[in-house]
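Heads up: the structure comes next, in structure tokens.
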Amino acid sequence: MLLASPASARCIGSTDPLIQRMELEIGRNPAAAVDSITKTIAVTQPADTRRLAELYLAKSHALYMSGAPSAPYEKAMQKAQEIGGAFGPSDNIGMYLRIGEAVGTMKGPEKLQALKSVARDYEALPDGSRARTCRGIDLAFYYDMIEQTRDAMAFATRAYRNSGTDRTSIERAKAASVLAFLVSEGHDFEYANKLHSEAFAIMQELKLTDLASNEVLLRGYTHLARGDWKSGLADFEESARLARSYGNQYAVDYALIGVCEAALEGKMIARAAPACEHVYDAMAVPGERMAFPATMLMASLQLEQGRPARALQLLDPLMADGRGETASGVWIGALKTRAQALSVLGRNREAYAAMREAQAEAKDHYDRELQSGVAALRARFQTEELQSRLSAEERASNARLRLAIAVIVGSITTLVLLGTLIFFLLRHRRRFRHLAMTDPLTGLANRRATLERADEALRILGTERPRASVALFDIDHFKSCNDTYGHDAGDRILSEFARIMEDSVRPTDIVGRWGGEEFLAIFPAASAQEAEQIIDHMRQRAASEAFDFAPDYRLKFSAGVAVLEEADDRMGDCIKLADKRLYAAKAAGRNRTCASGQTEDIRALSERLQKEVAKARAASAEAA
């Protein structure tokens, strides 16, 4: 996902109904909204400084979203600064302006410190207010721009929770959109799509055509990130269609960037060429914020069309000054395209150096994603949402609790003794159950606990498709590790692999030790392709590990994947199918994943079992 950005996410957070109406107009057609806002400014009293300042903020945002030249945008921001500066740095307007100044004029550590300063003042904004939601969205968006993903995710979740007082507002839609974007960066595509759907539904209800077009664009990048370029291409083309319907050419150009990227990903060069060429002509101009990605994609097209020298002519000047503040994904794409062009031209040493740089940058980018804690923060966010609902139920039952307490007081001594006894019994029971359900070496769930958790997850999913994918893992050459370095080293390898599994899967996934050096993972509501993507990340993590207690051992594994539907929703049969595919992966040379084949064996086994059950029932009926 190279170019996605929730650029339309900024909002003012005003309590003024006029400003709120103007923000809706921007969401429908930003170019038309510029004229409307300009006319409103002309008739607003100079003494009404808050309204004037917020009108200029709205105008600057409308200009930005319509792709206007930078001069009118900067002039509107300057007027907002002149008028709104009087409200102080901790006022909502003051915070909006401080964020704009940090992003527009500062670089590196100075920009980060400025955002942190705003984040401290953010705490004083009233809970549930539009201002708190909007400034949270701003901080999430701009923290992500400078790759402070943990902070970005924290503010995105806070903005989304804060917007819960009005779940049909434009602020709620924008909070859901930003959160979807960040969750997608953390590779939880299912949850990202749910948030995209929520945002899109609100935008449609409010007839926010421009915002809806942008949301479809973001959803397209979520599809592209999960490897589904066809769905991504369909969304990008739909986004372009929506943008054309209200005449926003800049939004059309943005959507065509996605069309170019997705078509190149799918090797549909004839379909990519018109989009890439249009985007390059429209956006590869001085001062345009999308000039770098537009040029990089044009270079990729030239390479695919057999013109590697032209690709280098485009890339070399672009990359001469280093990465700067270019997004990681775009820079990695440029490095890879340059390496491929050099290789085609026979400049292999330079190609190798460029590819090494691309791989190092990609590893750093991936490590930042892992360290960002996006998945953990998302899990905590969902837990807090649940706790919020439970708190409402708790408040509703307070009267019943007070009555129960009054009854308990009458026999307090007996109940305390009984309660103490029950507490110790329950504590020991929980402890024994935990021990009985946990693998003592790795700390993962054991076979029994893994299957129980899988059953519970499938009950919650109901009939949703896909229901789940199942994967069996076997560590390659584990016996040789034991033989060479001893069983203590082997035990530590098992523990390290368990840690890698837990770090790589989604919060909703279930992992456990199956036995020996075999492990089981269950991915609820995931297709085989999604499971393979998670396993690929796991394999990359494992390959990068080095062990001082086993210096020459490299952690590799084979995996077999099966989807529950392939085994008629029988978990036992699905695991058997995954086991067969695991051994197929082993037979094919190890260190790989097999997700197809062997189905007929399982179906034959299932049919044989069904016949045996029917035969047994018939015999029983006959005997009766």
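The values are calculated or read from the model by the stated rules, or taken from the named source; none is laboratory data. Predicted model, so just to flag it, every value in this text is computed and none were measured. For neighbour counting, all protein chains shown are included, and Cβ atoms are generated from backbone atoms with ideal geometry for every residue, glycine included. Protein only, heavy atoms only, side chains kept; ligands, DNA and RNA dropped before computing areas. Shrake-Rupley method; radii C 1.70, N 1.55, O 1.52, S 1.80 Å.
Around the amide H of Thr438, modelled in the peptide plane, lie the amide H atoms of Asn446, all under 5 Å away and 5 or more residues distant in sequence or on another chain.
Remark: the stretch 532-540, residue by residue, has Karplus-estimated 3J(HN,Hα) of 4, 5, 5, 5, 4, 4, 4, 5, 5 Hz, where x stands for each Gly or Pro and the curve is 6.51 cos²θ - 1.76 cosθ + 1.60 at θ = phi - 60°. Spin-label point model (7 Å from Cα, Cβ direction): what's the Lys39 to Met145 distance in nm? So the label points at Lys39 and Met145 sit 3.2 nm apart.
Residue order by solvent-accessible surface for Arg132, Arg241, Arg310 is Arg241, Arg310, Arg132, largest first, with ligands and nucleic acids left out and a 1.4 Å probe. Note on the stretch 51-98: with neighbouring protein chains present and a 1.4 Å probe, carbon and sulfur make up 53 percent of its accessible heavy-atom surface.
Here the Karplus relation 6.51 cos²θ - 1.76 cosθ + 1.60, evaluated at θ = phi - 60°, turns the backbone of the stretch 232-247 into coupling constants of x, 4, 4, 5, 5, 5, 5, 4, 4, 4, 4, 5, 5, 5, 10, x Hz, with x for every Gly and Pro. A 1.4 Å probe run over the stretch 80-127, with the rest of the protein chains in place, finds 50 Å² accessible per residue. The 3J(HN,Hα) values that the Karplus relation (6.51, -1.76, 1.60; θ = phi - 60°) gives for the stretch 33-46 are, in residue order, 5, 4, 5, 4, 5, 4, 5, 5, 4, 4, 9, 8, 5, x Hz. Gly and Pro appear as x.
Do the alpha carbons of any pairs in Lys230/Lys267; Lys174/Lys194; Lys59/Lys116; Lys479/Lys556 sit beyond 19 Å of each other, and which pairs?
Over 19 Å Cα-Cα: Lys59/Lys116.
Here the simple spin-label model places points 7 Å from the Cα toward Cβ, and for Glu123 and Glu101 these points are separated by 2.2 nm.
For the stretch 163-219, rounded, prolate or oblate, judged on the Cα gyration tensor with a ≥ b ≥ c (square roots of eigenvalues), a/c < 1.5 rounded, else prolate if a/b > b/c? Cα axes put the stretch 163-219 in the oblate bin.
If you filter the stretch 510-574 for chymotrypsin sites (Phe, Trp or Tyr not before Pro), then keep DSSP loop positions with at most 15 other Cβ within 10 Å, what is left?
Working: sites: Trp514, Phe519, Phe547, Phe549, Tyr553, Phe557; in loops: Phe547, Phe549, Tyr553.
Of the chymotrypsin sites (Phe, Trp or Tyr not before Pro), the ones in loops of the stretch 510-574 whose Cβ has at most 15 other Cβ atoms within 10 Å are Phe549.
Between Met437 and Glu205, the FRET efficiency estimated from the beta carbon spacing at R0 = 60 angstrom works out to 0.85.
Distance from the alpha carbon centroid of the stretch 302-367 to that of the stretch 95-153 works out to 32 angstrom. Estimated at 0.36 nm per residue, the fully extended path between Ala353 and Asp455 surpasses their Cα-Cα distance by 31.8 nm.
Of the accessible area of the stretch 443-508, computed with a 1.4 Å probe over protein heavy atoms only, carbon and sulfur atoms account for 47 percent. For Lys580, the aspartates and glutamates whose Cα comes closer than 18 Å to its Cα, not counting residues fewer than 8 places off in the same chain, are Asp474, Asp476, Glu517, Glu518, Glu532, Glu565, Glu566, Asp568, Asp569, Glu600, Asp601, Glu607.
What FRET efficiency comes out for the pair Ser343/Asp552, r = Cβ-Cβ distance, R0 = 35 Å, nearest 0.05?
Efficiency, from the Cβ-Cβ distance: 0.65.
Once the Cβ-Cβ distance of Glu502 and Thr49 is raised to the sixth power relative to R0 = 56 Å, the FRET efficiency obtained is 0.55. Amide H contacts of Ala468 (H built 1.01 Å from N, in plane; Pro and chain starts excluded): Ala525, Ala526, Leu564, Glu565 sit under 5 Å, all sequence-distant by 5 or more or on other chains.
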